[in-house]
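What follows is a short report on a single structure.
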């Protein structure tokens with residue numbers, strides 16, 4: 001992907017803004033970015049934060065784009081796509097929408113060159129990960145272009161089957177909420193044990209951040225790292241035993257399977 005390549009965004013919300021911000025930080029010029037965003041407040045924000053002039057409605061300028069990024073809410077996709085189709089059929093289509101399947105994107109855009117991405121919210125600080133699936137018509141060079149486009153938001157991981165994106169959605173797409181939920185529980189426990197709320201917050205966040213970084217840097221699997229902290233008869237052993245007796249791991253697996261099933265349902269509802 002060259003810095004002069006025109007990239008169009010249909011929708012200028014948080015995820016689009018994260019990608020746009022990354023592109024601008026990596027040197028992509030503002031005049032090579034086309035954004036269609038119907039909400040005036042969001043258009044003003046894009047201009048103030050990224051120097052990008054956004055359009056209120058799609059028009060012929062979209063035909064200049066080599067890549068079109070679909071970043072609208074799933075339930076608004078068909079409505080948003082209809083006036084764009086006449087201008088975008090020659091471009092690579094990159095979707096960051098949950099639930100909208102590639103068949104639907106190909107039909108609505110007029111292009112078989114479709115890549116679906118499932119990012120997550122740490123993309124907003126460049127620490128996300130996006131699961132990616134490409135239809136057969138997408139070339140290796142276009143895959144590389146997508147990797148380059150999304151690189152400022154974090155890592156990418158390609159999957160071979162589109163159905164695998166439902167699992168990616170359940171694991172990493174929804175995953176930040178699970179982490180925040182667990183941090184909430186640790187903070188609540190801290191207060192129940194007599195610590196102040198801010199003390200609990202600092203301890204919980206530092207523990208999560210440090211443990212994650214240790215796991216990233218270590219060649220050992222998480223199970224081994226956990227066992228090294230869990231001396232039999234010690235405090236950690238008491239906590240892990242209580243979690244196992246409560247069926248926490250099984251409940252966690254069931255929760256992610258529920259998220260995967262909901263992703264399938266959204267695909268059935270909006271993605272055909």
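The values are calculated or read from the model by the stated rules, or taken from the named source; none is laboratory data. Quantities reported herein were computed from a predicted structural model and do not represent experimental measurements. In this analysis, Cβ positions are derived from the backbone assuming ideal geometry, glycine residues included, and neighbour counts consider all displayed protein chains.
Could you go through the stretch 247-255 and let me know if any residue there is modelled with pLDDT of 95 or more, surrounded by 10 or more Cβ atoms within 10 Å (Cβ to Cβ) and over 28 Å from the mean Cα position of the chain (by Cα).
Looking for residues that are modelled with pLDDT of 95 or more, surrounded by 10 or more Cβ atoms within 10 Å (Cβ to Cβ) and over 28 Å from the mean Cα position of the chain (by Cα), one finds at least one in the stretch 247-255, hence yes.
Quick one: which of 155, 196 is surrounded by fewer than 19 Cβ atoms within 10 Å (Cβ to Cβ), in contact with a strand residue (DSSP E or B) (Cβ under 6 Å, 6 or more places away or on another chain) and within 21 Å of residue 210 (Cβ to Cβ)?
155
How many residues does the stretch 111-128 contain that are over 14 Å from residue 69 (Cα atoms), surrounded by fewer than 21 Cβ atoms within 10 Å (Cβ to Cβ) and either touching a strand residue (DSSP E or B) at 6+ places or on another chain (Cβ under 9 Å) or at pLDDT 95 or above (or both)?
Of the residues in the stretch 111-128, 6 are over 14 Å from residue 69 (Cα atoms), surrounded by fewer than 21 Cβ atoms within 10 Å (Cβ to Cβ) and either touching a strand residue (DSSP E or B) at 6+ places or on another chain (Cβ under 9 Å) or at pLDDT 95 or above (or both).
Where in the stretch 191-272 are the helices (runs of 4 or more DSSP H), entirely inside, with at least 3 residues that are within 30 Å of residue 79 (Cα to Cα)?
248-270
Any residue in the stretch 217-235 that's assigned by TED's automatic domain parsing to the domain that holds residue 249: show its pairings with residues that are in a helix (DSSP H, G or I) and surrounded by 10 or more Cβ atoms within 10 Å (Cβ to Cβ) at Cβ separation under 6 Å, as long as the two are six or more apart or on different chains.
Matching pairs, first to second residue: 222/215; 229/236; 230/236; 230/237; 230/240.
Of everything in the stretch 45-71, what is in contact with a helix residue (DSSP H, G or I) (Cβ under 6 Å, 6 or more places away or on another chain) and under 23 Å from residue 143 (Cβ atoms)? Give them in sequence order.
Within the stretch 45-71, 62, 68, 71 meet the criteria.
List the number of the failed condition for residue 139; all other conditions in (1) free of Cβ contacts under 8 Å to residues at least 40 places away in the same chain; (2) out of contact with any helix residue (DSSP H, G or I) (no Cβ under 8 Å at 6 or more places or on another chain); (3) buried (at least 21 other Cβ atoms within 10 Å of the Cβ) hold.
Going through the list (1) free of Cβ contacts under 8 Å to residues at least 40 places away in the same chain; (2) out of contact with any helix residue (DSSP H, G or I) (no Cβ under 8 Å at 6 or more places or on another chain); (3) buried (at least 21 other Cβ atoms within 10 Å of the Cβ), residue 139 breaks only (3).
Starting from the stretch 73-102, keep only residues that are at positive phi, then list their pairs with residues that are in a helix (DSSP H, G or I) whose Cβ atoms are within a distance under 8 Å, requiring at least 6 positions of separation or different chains.
Here the result reads 99/74; 99/263; 99/266; 99/267; 99/269; 99/270, each pair linking the stretch 73-102 to a residue that is in a helix (DSSP H, G or I).
Spot the failing condition for residue 8; the list is (1) over 22 Å from residue 125 (Cα atoms); (2) at pLDDT 95 or above, and only one is missed.
Evaluating residue 8 over (1) over 22 Å from residue 125 (Cα atoms); (2) at pLDDT 95 or above leaves (1) as the failure.
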